[in-house]
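**Student:** Take this structure first; my questions come after.
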Amino acid sequence: MKITVYSAKGSAGKTPIATNIALDREYAIGTNEAFHVFDSFIPDDRILALDLTEPFPEIPEGIDIVFDLAGAISAASHSITSALKQSELVIVPIFNEVKSLNSGIGTLREIAKVEGFNGSVLVAATKLQKQSGETFDTDDWTQSRDFQNIAANVKAAAGDVPILPLKFSKVFDVIFEKEMSIAQLREADALAAYTYRDVAAQFDAIYNHIDEVSNAK
Ligand SMILES: Nc1ncnc2c1ncn2[C@@H]1O[C@H](COP(=O)(O)OP(=O)(O)O)[C@@H](O)[C@H]1O
Ligand SMILES: [Mg+2]
(Lines give C-alpha, C1' and ligand atoms only; values in the text may rest on other atoms or scores of the structure.)
(Ligands and ions follow the chains in the order given, each with its own letter.)
Protein backbone atom coordinates (compact mmCIF):
# COMPACT_ATOMS: atom_id res chain seq x y z
CA MET A 1 0.00 0.00 0.00
CA LYS A 2 1.21 3.49 -0.84
CA ILE A 3 -0.24 6.39 1.11
CA THR A 4 0.46 10.11 0.88
CA VAL A 5 -0.23 12.44 3.79
CA TYR A 6 -0.34 15.89 2.30
CA SER A 7 -1.58 19.41 2.76
CA ALA A 8 0.00 22.61 1.49
CA LYS A 9 -0.49 23.96 5.02
CA GLY A 10 2.32 23.52 7.53
CA SER A 11 1.38 22.49 11.08
CA ALA A 12 -1.72 20.67 9.84
CA GLY A 13 -0.58 17.50 11.60
CA LYS A 14 0.77 15.58 8.59
CA THR A 15 3.95 14.30 10.21
CA PRO A 16 2.33 12.71 13.31
CA ILE A 17 -0.25 10.94 11.14
CA ALA A 18 2.41 9.62 8.76
CA THR A 19 4.65 8.62 11.67
CA ASN A 20 1.90 6.76 13.51
CA ILE A 21 1.13 4.77 10.35
CA ALA A 22 4.82 4.02 9.73
CA LEU A 23 5.37 2.80 13.31
CA ASP A 24 2.19 0.69 13.56
CA ARG A 25 2.27 -0.80 10.09
CA GLU A 26 6.06 -0.88 9.54
CA TYR A 27 5.80 1.28 6.47
CA ALA A 28 8.77 3.01 4.90
CA ILE A 29 8.67 6.82 4.99
CA GLY A 30 9.09 9.19 2.07
CA THR A 31 9.75 12.83 2.92
CA ASN A 32 10.58 16.00 0.97
CA GLU A 33 11.60 17.96 4.07
CA ALA A 34 15.30 18.61 4.66
CA PHE A 35 14.93 18.72 8.44
CA HIS A 36 12.83 15.67 9.09
CA VAL A 37 12.74 13.78 12.38
CA PHE A 38 12.66 10.20 11.16
CA ASP A 39 16.38 9.34 11.45
CA SER A 40 16.19 8.59 15.16
CA PHE A 41 13.43 6.00 15.03
CA ILE A 42 12.95 4.73 11.47
CA PRO A 43 15.78 2.53 10.11
CA ASP A 44 17.91 4.24 7.43
CA ASP A 45 16.90 1.81 4.72
CA ARG A 46 13.24 2.68 5.27
CA ILE A 47 13.62 6.46 4.80
CA LEU A 48 13.47 8.04 1.37
CA ALA A 49 14.39 11.71 1.73
CA LEU A 50 14.66 14.13 -1.16
CA ASP A 51 14.00 17.75 -2.18
CA LEU A 52 10.69 19.27 -3.19
CA THR A 53 11.79 19.36 -6.83
CA GLU A 54 13.10 15.75 -7.00
CA PRO A 55 10.72 12.98 -8.06
CA PHE A 56 10.34 9.88 -5.91
CA PRO A 57 11.24 6.69 -7.76
CA GLU A 58 8.44 4.30 -8.67
CA ILE A 59 8.09 2.14 -5.52
CA PRO A 60 7.72 -1.53 -6.46
CA GLU A 61 4.39 -3.25 -5.86
CA GLY A 62 4.37 -4.98 -2.46
CA ILE A 63 6.42 -2.33 -0.66
CA ASP A 64 4.46 -0.27 1.85
CA ILE A 65 5.32 3.40 2.10
CA VAL A 66 3.79 6.53 3.53
CA PHE A 67 4.86 9.84 1.96
CA ASP A 68 4.85 12.80 4.37
CA LEU A 69 4.90 15.80 2.07
CA ALA A 70 5.23 19.53 2.59
CA GLY A 71 5.04 22.39 0.12
CA ALA A 72 2.70 23.61 -2.59
CA ILE A 73 1.96 21.79 -5.82
CA SER A 74 3.61 23.57 -8.76
CA ALA A 75 5.25 22.71 -12.07
CA ALA A 76 8.47 22.07 -10.11
CA SER A 77 7.13 20.11 -7.12
CA HIS A 78 8.07 16.73 -8.58
CA SER A 79 8.33 15.09 -5.16
CA ILE A 80 4.64 15.76 -4.52
CA THR A 81 3.29 14.84 -7.93
CA SER A 82 5.41 11.67 -8.21
CA ALA A 83 4.16 10.49 -4.80
CA LEU A 84 0.53 11.34 -5.54
CA LYS A 85 0.58 9.49 -8.86
CA GLN A 86 1.57 6.23 -7.20
CA SER A 87 -0.54 6.55 -4.05
CA GLU A 88 -3.76 4.61 -3.63
CA LEU A 89 -4.83 6.91 -0.80
CA VAL A 90 -4.13 10.54 0.08
CA ILE A 91 -4.88 11.69 3.61
CA VAL A 92 -5.39 15.46 3.91
CA PRO A 93 -5.42 16.79 7.49
CA ILE A 94 -7.53 19.92 8.03
CA PHE A 95 -8.33 21.69 11.27
CA ASN A 96 -11.05 24.22 12.05
CA GLU A 97 -9.15 27.46 11.59
CA VAL A 98 -9.56 29.82 8.65
CA LYS A 99 -6.10 29.35 7.13
CA SER A 100 -6.20 25.58 7.53
CA LEU A 101 -9.67 25.38 5.97
CA ASN A 102 -8.63 27.55 3.02
CA SER A 103 -5.42 25.75 2.28
CA GLY A 104 -6.99 22.36 3.00
CA ILE A 105 -9.67 22.96 0.42
CA GLY A 106 -7.15 24.43 -2.01
CA THR A 107 -5.10 21.27 -1.48
CA LEU A 108 -8.09 19.01 -2.29
CA ARG A 109 -8.61 20.91 -5.56
CA GLU A 110 -4.91 20.76 -6.48
CA ILE A 111 -4.74 17.01 -5.81
CA ALA A 112 -7.76 16.40 -8.07
CA LYS A 113 -5.97 18.24 -10.90
CA VAL A 114 -2.75 16.21 -10.75
CA GLU A 115 -2.46 14.30 -14.00
CA GLY A 116 -2.15 10.57 -13.43
CA PHE A 117 -3.52 10.65 -9.87
CA ASN A 118 -6.18 7.99 -9.50
CA GLY A 119 -6.17 7.28 -5.80
CA SER A 120 -8.86 8.11 -3.30
CA VAL A 121 -8.86 10.96 -0.80
CA LEU A 122 -9.57 10.94 2.93
CA VAL A 123 -9.82 14.12 4.97
CA ALA A 124 -8.66 13.85 8.58
CA ALA A 125 -10.60 16.53 10.50
CA THR A 126 -7.99 17.07 13.17
CA LYS A 127 -7.25 19.03 16.37
CA LEU A 128 -10.98 18.87 17.19
CA GLN A 129 -11.79 20.66 20.42
CA LYS A 130 -14.93 21.22 22.41
CA GLN A 131 -15.87 24.87 22.16
CA SER A 132 -17.22 26.66 25.21
CA GLY A 133 -20.81 25.75 26.01
CA GLU A 134 -20.70 22.86 23.59
CA THR A 135 -22.17 19.52 24.68
CA PHE A 136 -22.08 16.31 22.71
CA ASP A 137 -21.36 12.65 23.25
CA THR A 138 -17.54 12.59 23.36
CA ASP A 139 -17.51 9.08 21.90
CA ASP A 140 -18.58 10.72 18.67
CA TRP A 141 -16.53 13.72 17.64
CA THR A 142 -18.37 13.96 14.31
CA GLN A 143 -20.98 15.78 16.40
CA SER A 144 -18.54 18.53 17.39
CA ARG A 145 -18.84 22.00 15.87
CA ASP A 146 -15.22 21.81 14.76
CA PHE A 147 -15.89 18.63 12.77
CA GLN A 148 -19.20 19.89 11.36
CA ASN A 149 -17.60 23.11 10.11
CA ILE A 150 -14.72 21.28 8.46
CA ALA A 151 -17.16 18.83 6.87
CA ALA A 152 -19.42 21.61 5.56
CA ASN A 153 -16.46 23.44 3.99
CA VAL A 154 -15.07 20.27 2.43
CA LYS A 155 -18.47 19.28 1.05
CA ALA A 156 -19.10 22.73 -0.47
CA ALA A 157 -15.73 22.78 -2.18
CA ALA A 158 -15.04 19.15 -3.04
CA GLY A 159 -18.29 17.17 -2.72
CA ASP A 160 -18.57 13.83 -0.97
CA VAL A 161 -15.06 13.19 0.31
CA PRO A 162 -14.87 10.80 3.29
CA ILE A 163 -13.92 12.58 6.52
CA LEU A 164 -12.77 11.01 9.78
CA PRO A 165 -12.30 12.81 13.11
CA LEU A 166 -9.15 13.17 15.21
CA LYS A 167 -9.57 14.99 18.49
CA PHE A 168 -7.02 17.44 19.87
CA SER A 169 -4.57 15.36 21.88
CA LYS A 170 -1.13 15.72 23.39
CA VAL A 171 -0.39 12.24 22.10
CA PHE A 172 0.59 13.74 18.74
CA ASP A 173 3.63 15.27 20.47
CA VAL A 174 4.28 12.26 22.72
CA ILE A 175 4.69 10.07 19.60
CA PHE A 176 7.95 11.97 18.92
CA GLU A 177 9.07 12.29 22.54
CA LYS A 178 8.76 8.55 23.12
CA GLU A 179 9.25 7.45 19.49
CA MET A 180 6.25 5.15 19.77
CA SER A 181 2.90 4.98 18.01
CA ILE A 182 -0.32 5.65 19.91
CA ALA A 183 -0.97 1.89 20.07
CA GLN A 184 2.59 1.21 21.29
CA LEU A 185 2.29 3.90 23.98
CA ARG A 186 -0.97 2.32 25.19
CA GLU A 187 0.56 -1.14 25.27
CA ALA A 188 3.54 0.08 27.32
CA ASP A 189 1.62 1.95 30.02
CA ALA A 190 -1.76 1.34 31.65
CA LEU A 191 -2.38 5.04 32.28
CA ALA A 192 -1.58 5.88 28.65
CA ALA A 193 -3.91 3.06 27.62
CA TYR A 194 -6.69 4.87 29.42
CA THR A 195 -5.78 8.45 28.49
CA TYR A 196 -5.41 7.78 24.79
CA ARG A 197 -8.31 5.36 24.33
CA ASP A 198 -10.53 7.75 22.34
CA VAL A 199 -7.84 9.05 20.00
CA ALA A 200 -6.64 5.45 19.49
CA ALA A 201 -10.16 4.40 18.47
CA GLN A 202 -10.26 7.32 16.03
CA PHE A 203 -6.95 6.27 14.55
CA ASP A 204 -8.25 2.70 14.26
CA ALA A 205 -11.07 4.07 12.10
CA ILE A 206 -8.36 5.54 9.82
CA TYR A 207 -6.70 2.09 9.69
CA ASN A 208 -10.04 0.51 8.78
CA HIS A 209 -10.37 3.02 5.97
CA ILE A 210 -6.83 2.25 4.78
CA ASP A 211 -7.66 -1.48 4.80
CA GLU A 212 -10.88 -0.90 2.85
CA VAL A 213 -8.99 1.05 0.17
CA SER A 214 -6.31 -1.65 0.09
CA ASN A 215 -8.86 -4.48 -0.22
CA ALA A 216 -10.81 -2.66 -2.92
CA LYS A 217 -7.78 -2.75 -5.23
N1 LIG B 1 -4.95 16.10 16.65
C2 LIG B 1 -4.01 16.89 17.21
N3 LIG B 1 -4.15 17.34 18.47
C4 LIG B 1 -3.24 18.14 19.04
N5 LIG B 1 -2.11 18.53 18.44
C6 LIG B 1 -1.89 18.11 17.19
C7 LIG B 1 -2.81 17.26 16.50
N8 LIG B 1 -2.30 17.00 15.28
C9 LIG B 1 -1.11 17.66 15.22
N10 LIG B 1 -0.87 18.32 16.34
C11 LIG B 1 0.30 19.15 16.67
O12 LIG B 1 0.38 20.23 15.78
C13 LIG B 1 1.73 20.61 15.59
C14 LIG B 1 2.01 20.75 14.12
O15 LIG B 1 2.06 19.52 13.52
P16 LIG B 1 3.15 19.15 12.44
O17 LIG B 1 3.54 17.77 12.65
O18 LIG B 1 4.25 20.15 12.42
O19 LIG B 1 2.30 19.33 11.11
P20 LIG B 1 2.80 19.23 9.60
O21 LIG B 1 3.60 17.98 9.48
O22 LIG B 1 1.51 19.19 8.84
O23 LIG B 1 3.58 20.48 9.32
C24 LIG B 1 2.59 19.53 16.26
O25 LIG B 1 3.05 20.04 17.49
C26 LIG B 1 1.61 18.40 16.48
O27 LIG B 1 1.90 17.64 17.60
MG1 LIG C 1 5.54 17.89 8.83
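**Student:** Return, ordered by residue number, the residues of region 58-94 whose backbone nitrogen is under 15 Å from a label point located 7 Å along Cα→Cβ of A34.
**Tutor:** Hits in region 58-94 for A34 at 15 Å: 70-71.
**Student:** Taking the Cα centre of each part, how many Å lie between region 152-197 and region 41-74?
**Tutor:** If you average the Cα positions of each part, the centres end up 22 Å apart.
**Student:** Once you place label points 7 Å from the Cα toward the Cβ at E187 and D173, how far apart are they in nm?
**Tutor:** 2.6 nm
**Student:** What ³J(HN,Hα) values, in whole Hz, does the Karplus curve 6.51 cos²θ - 1.76 cosθ + 1.60 give for region 7-24 when θ = phi - 60°, with x put for Gly and Pro?
**Tutor:** 7, 5, 7, x, 6, 7, x, 5, 4, x, 5, 4, 5, 4, 5, 4, 6, 6
**Student:** If you take the charge dipole of region 2-215 about its Cα centre, with +1 on Lys and Arg Cβ and -1 on Asp and Glu Cβ, which of V121, Q131, F168 is farthest toward its positive end?
**Tutor:** Ranked along the dipole, the leading option is Q131.
**Student:** While we're here: Give me Rg over Rh for the chain, both radii from the alpha carbons and Rh done the Kirkwood way, two decimal places.
**Tutor:** On the way: Rg = 16.6 Å, Rh = 17.5 Å.
Answer for the chain: 0.95.
**Student:** Moving on to the next point. With the full set of protein chains in place, find how many percent of the accessible area of region 2-215 is carbon and sulfur; take the probe as 1.4 Å.
**Tutor:** Working: 5060 of 10190 Å².
The nonpolar share, carbon plus sulfur, comes to 50 percent.
**Student:** Send over a whole-number figure in Å² for the accessible area per residue of the chain, probe 1.4 Å. The partial results should precede the final answer.
**Tutor:** Details: 10450 Å² over 217 residues.
That works out to 48 Å² for each residue.
**Student:** Would you list, by chain and number, the lysines whose Cα falls below 16 Å from the Cα of K217, excluding same-chain residues fewer than 8 positions away?
**Tutor:** Once the sequence-local lysines are set aside, what remains near K217 is K2, K85.
**Student:** Something else about it: Treating only the Cβ atoms of Lys and Arg (+1) and Asp and Glu (-1) as charged, compute the dipole magnitude of region 2-215 about its Cα centre; round to the nearest 20 debye. If you can, show how the numbers build up before the last one.
**Tutor:** Working: 18 positive and 31 negative charges, 164 e Å.
That gives a dipole near 780 debye.
The values are calculated or read from the model by the stated rules, or taken from the named source; none is laboratory data. On a predicted model such as this, the values are computed, not experimentally measured, just so you know. Every residue, glycine as well, gets a Cβ built from its backbone with ideal geometry; the counts of neighbours run over all protein chains shown. Only protein heavy atoms, including side chains, enter the accessible area calculation; ligands, DNA and RNA are left aside. Shrake-Rupley method; radii C 1.70, N 1.55, O 1.52, S 1.80 Å.
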